[in-house]
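The values are calculated or read from the model by the stated rules, or taken from the named source; none is laboratory data. Note that the structure is predicted; figures quoted are calculated from it, not measured. All Cβ positions, even for glycine, are placed from backbone atoms using ideal geometry, and neighbour counts span all protein chains on display.
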Amino acid sequence: MTVKKWSRVEMASRVAADIPDGAVVNLGIGLPTLVANHLPAGREVVLHSENGVIGMGPAPAAGDEDYDLINAGKQPVTLLPGGSFFHHADSFAMMRGGHLDVCVLGAFQVSATGDLANWHTGAADAIPAVGGAMDLAIGAKKTFVMMEHVTKGGELKIVERCTYPLTGVGCVARIYTDLAVVDVTPQGLVVRESVEGLARDELQRLTGVPLSYAK
């Protein structure tokens, strides 16, 4: 039996729903940028980008793009009233200074204890791309990861210990994948939600460490 995975939109919606009202949030390059389009109506969330933008809104409609207004992934964005631009150095001071409530990052691997590897696979032909990930991972008050549960080749991404170079140690609080939402706790990994129809033993088979379930 084939289990239908959550789409990227469904993943982004789950992340967005867990971001509290009033939070200042950095959305990393890739999948995390989708979260901006799914924040619940009426919830005030201030979006920050490491290239020096704060107060971003959802992605612009087709034809309304302004490529002088982009996020760290060079994607066009919108700016809400009160939004502003500032120097790259000031942006990193915000990240390092503990001024972000949440950051949402992609990942190659996350360990059982919340270690994060998301900038380099160690492969000889891979291009390292650390950007501001290290600063975000340790500077934000809470780090969420948004990623596929396994690689296209079937390799596990939630593992006992990361084998790729680390971005941060013990920094991940919650993992959102196309199969499940998993909390990293002192007692281990706890599944908060999983795809409908996915058996627990199958999710366990696709995860490199023991799982328990929230009551």
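Residue count for segment 20-38 under the criterion of being surrounded by fewer than 22 Cβ atoms within 10 Å (Cβ to Cβ) and either part of a loop (DSSP other than H, G, I, E, B) or free of Cβ contacts under 8 Å to residues at least 24 places away in the same chain (or both): the result is 6. Scanning segment 82-116 for residues that are within 14 Å of GLY28 (Cα to Cα) and either at pLDDT below 95 or aliphatic (A, V, I, L, M) (or both) gives MET95, LEU100, VAL102, VAL104, LEU105, ALA107, LEU116. Against the condition within 17 Å of the chain's Cα centre (by Cα), modelled with pLDDT of 95 or more and loosely packed, with under 15 Cβ neighbours inside 10 Å, how does VAL182 come out, does it pass? It is false that VAL182 is within 17 Å of the chain's Cα centre (by Cα), modelled with pLDDT of 95 or more and loosely packed, with under 15 Cβ neighbours inside 10 Å. So, of the residues in segment 115-159 that are of a type in the set (D, E, K, R) and under 27 Å from LYS4 (Cα atoms), which turns out to be surrounded by the fewest Cβ atoms within 10 Å (Cβ to Cβ)? It comes out as LYS152.
The single condition among (1) under 15 Å from ALA112 (Cβ atoms); (2) out of contact with any Phe, Trp or Tyr (no Cβ under 6 Å at 6 or more places or on another chain); (3) of a type in the set (D, E, K, R) that ARG174 does not satisfy is (2).
Name the residue that is modelled with the lowest pLDDT, counting only residues in segment 123-140 that are in a loop (DSSP other than H, G, I, E, B) and either within 13 Å of THR167 (Cβ to Cβ) or among the aromatic types (Phe, Trp, Tyr) (or both). Lay out the reasoning, then the answer.
Keep residues of segment 123-140 that are in a loop (DSSP other than H, G, I, E, B), which gives 123-132, 140.
Next, only the ones that are either within 13 Å of THR167 (Cβ to Cβ) or among the aromatic types (Phe, Trp, Tyr) (or both) stay: 128-132, 140.
Numbers: PRO128: 74, ALA129: 77, VAL130: 79, GLY131: 85, GLY132: 92, ALA140: 97.
So, considering only residues that are in a loop (DSSP other than H, G, I, E, B) and either within 13 Å of THR167 (Cβ to Cβ) or among the aromatic types (Phe, Trp, Tyr) (or both), the one modelled with the lowest pLDDT is PRO128.
Residue-wise test of (1) farther than 20 Å from ASP18 by Cα; (2) in contact with a Leu (Cβ under 9 Å, 6 or more places away or on another chain).
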site	(1), (2)
THR151	yes, no
THR167	yes, yes
ALA173	no, no
GLY197	yes, no
GLN204	yes, yes
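Scanning segment 189-205 for residues that are in a strand (DSSP E or B) and surrounded by 15 or more Cβ atoms within 10 Å (Cβ to Cβ) turns up LEU189, VAL190, VAL191, ARG192, SER194.
Please work out if VAL45 is free of Cβ contacts under 8 Å to residues at least 40 places away in the same chain, surrounded by 18 or more Cβ atoms within 10 Å (Cβ to Cβ) and closer than 19 Å to VAL15 by Cα. Quick ask: steps written out before the conclusion?
Numbers: free of Cβ contacts under 8 Å to residues at least 40 places away in the same chain: yes; surrounded by 18 or more Cβ atoms within 10 Å (Cβ to Cβ): yes; closer than 19 Å to VAL15 by Cα: yes.
Criteria met by VAL45.
Scanning segment 54-101 for residues that are closer than 19 Å to VAL130 by Cβ, of a type in the set (S, T, N, Q) and outside any loop (DSSP other than H, G, I, E, B) yields a total of 1.
Scan segment 70-77 and give yes if some residue there is surrounded by 13 or more Cβ atoms within 10 Å (Cβ to Cβ) and touching a Cys at 6+ places or on another chain (Cβ under 9 Å), otherwise no.
Our first condition is that a residue be surrounded by 13 or more Cβ atoms within 10 Å (Cβ to Cβ); within segment 70-77, this holds for 70-73, 75-77.
Add one more test, that the residue is touching a Cys at 6+ places or on another chain (Cβ under 9 Å), and what stays is none.
Looking for residues that are surrounded by 13 or more Cβ atoms within 10 Å (Cβ to Cβ) and touching a Cys at 6+ places or on another chain (Cβ under 9 Å), one finds none in segment 70-77, hence no.
When restricted to residues that are at pLDDT below 95 and aromatic (Phe, Trp, Tyr), segment 1-28 contains 0.
Looking at ILE158, is it modelled with pLDDT under 95 and among the β-branched types (Val, Ile, Thr)? It is false that ILE158 is modelled with pLDDT under 95 and among the β-branched types (Val, Ile, Thr).
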